[in-house]
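Data first, discussion second: the structure below is written as structure tokens.
The values are calculated or read from the model by the stated rules, or taken from the named source; none is laboratory data. If you're wondering where the values come from, they're calculated on a predicted model, not measured in any experiment. Cβ placement follows ideal geometry from the backbone for every residue including glycine, while neighbour counts extend to all protein chains displayed. All accessible areas refer to the heavy atoms of the entire protein, side chains included, with ligands and DNA or RNA removed. Shrake-Rupley method; radii C 1.70, N 1.55, O 1.52, S 1.80 Å.
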Amino acid sequence: MNNIAILCSGGDVSGMNPALKHFVEYSIENNLTPYFVFDGYEGLIDNQITKATYKDISGIIARGGTKIGSARSSRFMEKKFRSLAKQNLDKLEIKKLIVLGGDGSFRGLDIFYKEHGISFCGIPSTIDNDINMTEYCLGVDTALNIIKNAIDSIRDTASSFKRAFVIETMGRKCGYLAQISHITSGSELCLIPEIKHDLKNYEDKFRKELENGRRYFIAIVAEGINEDSSEIAQWFQKSIGIEARVTILGHTQRGGNPSVYDRLMAYKFINYAIDALVEGKEESIVCYSQGGFVYKSIEEVVSHKKILELLI
Ligand code: ADP
């Protein structure tokens, strides 16, 4: 019996569905029987594990989110529930597991492997792009495109009304989405947790620009900075002298039709993950580095915080 299962854990991202589609196809190509685990580690514990067929993946490539659900599971932190999860996998003779998730999910997986020896391969999936050892995490490109479209729309209304717009992006403590969006959308201000800022330093410049006829400002602000976005908007009003509005993009950044790049990366991540398990690698994470894919150990991935490459 050569059974393989996949689950999504932690925050969902656009790109998971293309990954699920290719998981089924590439497993079958490799004479493996694919299984879906529903709702992350919760589904492992509750035995929500079913054989996956071509029928299950019909049409999902164009959809955001994940067809099999994702979840956080506090029960999986407890040994007795991990034992239950192992019993459920044993019943179905599943010995290989792929997890789409972030570093928290990988940490859980590592403990599970050490206790029960289920071979696994992790695929970094988070729009925050904050996982150590990989330059790319599934879902990031779609999120960046959603942010780009939002900024382009906001720019139209901002210039019509002579306003400053403060646009807040996700990323927890990582400023990746904000930084890349700032560069690719040509915004006037970008605030990220990795760079200390003093708003006073922008005041003369922005006031002068306003005097010289500038009609709007776009500020991209990462959610992880110390101030609330509303405080940045108040600063625009009080210190620069322009009406200001806040747009918090929030969960819109996670959904939407997966971009071409995320579909392609999903395909490649799955190829590497299944190849690793077929070749007998017992515990690895597929990482993308310097234009290619490499396997890293959990230790390498979770032991250090990712350091953002600063481009601004
Ligand atoms: P992410 O994978 O996006 O970083 P979380 O940090 O929320 O998300 O982790 C997702 C899930 O991984 C948790 O809800 C839990 O089930 C599991 N997990 C995380 N850390 C551990 C751990 N130390 N032991 C067991 N399970 C864990």
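Checking each residue in region 251-285 for being part of a helix (DSSP H, G or I) and either in contact with a strand residue (DSSP E or B) (Cβ under 6 Å, 6 or more places away or on another chain) or open to solvent by less than 20 Å² (accessible area, probe 1.4 Å) (or both) picks out GLN253, ASP262, MET265, ALA266, PHE269, ILE270, TYR272, ALA273, ILE274, ALA276, LEU277. Filter region 9-48 down to the residues that are among the hydroxyl-bearing types (Ser, Thr, Tyr) and surrounded by 22 or more Cβ atoms within 10 Å (Cβ to Cβ) and list them by number. SER9, SER14, SER27, TYR35, TYR41, listed by residue number. One residue stands out among those in region 118-146 that are over 17 Å from ASP12 (Cα atoms) and in contact (Cβ under 8 Å) with a residue 60 or more places away in the chain: the one that is farthest from the chain's Cα centre (by Cα), which is SER119.
Table: residues versus (1) within 20 Å of ILE270 (Cβ to Cβ); (2) touching a helix residue (DSSP H, G or I) at 6+ places or on another chain (Cβ under 6 Å).
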| position | (1), (2) |
| --- | --- |
| SER73 | no, yes |
| MET77 | no, no |
| ILE94 | yes, no |
| ILE98 | yes, yes |
| TYR113 | yes, no |
| ASN145 | no, no |
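Among the residues of region 128-152, the one identified as surrounded by 24 or more Cβ atoms within 10 Å (Cβ to Cβ), among the small types (Gly, Ala, Ser) and part of a helix (DSSP H, G or I) is ALA143. As for region 162-172, it holds no residue that is part of a helix (DSSP H, G or I), within 16 Å of the ligand (Cβ to nearest atom) and open to solvent by 30 Å² or more (accessible area, probe 1.4 Å). Here LYS80 meets each of (1) free of Cβ contacts under 8 Å to residues at least 40 places away in the same chain; (2) under 28 Å from GLY250 (Cα atoms) with one exception, condition (2).
The conditions of being in a loop (DSSP other than H, G, I, E, B), under 21 Å from ILE285 (Cβ atoms), open to solvent by 30 Å² or more (accessible area, probe 1.4 Å) and modelled with pLDDT under 95 are not met by ARG215. Kindly evaluate LYS114 against the criterion of being assigned to a strand (DSSP E or B), more than 10 Å from the ligand (Cβ to nearest atom) and surrounded by fewer than 24 Cβ atoms within 10 Å (Cβ to Cβ). Taking the combined requirement at face value, the residue does not satisfy it.
Selection within region 91-108: residues that are more than 8 Å from the ligand (Cβ to nearest atom) and of a type in the set (A, V, I, L, M, F, W, C). The member of this set that is most open to solvent (accessible area, probe 1.4 Å) is LEU92.
When ILE242 is tested against (1) surrounded by 14 or more Cβ atoms within 10 Å (Cβ to Cβ); (2) free of Cβ contacts under 8 Å to residues at least 60 places away in the same chain, only condition (2) is not met. Within region 161-175, is there a residue that is under 24 Å from ASN257 (Cβ atoms), modelled with pLDDT of 95 or more and touching a Pro at 6+ places or on another chain (Cβ under 6 Å)? No: zero hits.
Listed here are the residues, each with its yes/no results for (1) in contact with a Phe, Trp or Tyr (Cβ under 8 Å, 6 or more places away or on another chain); (2) open to solvent by less than 10 Å² (accessible area, probe 1.4 Å).
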site: THR184; (1), (2): no, no
site: LEU191; (1), (2): no, yes
site: ALA219; (1), (2): yes, yes
site: ALA222; (1), (2): no, yes
site: SER229; (1), (2): no, yes
site: GLN237; (1), (2): no, no
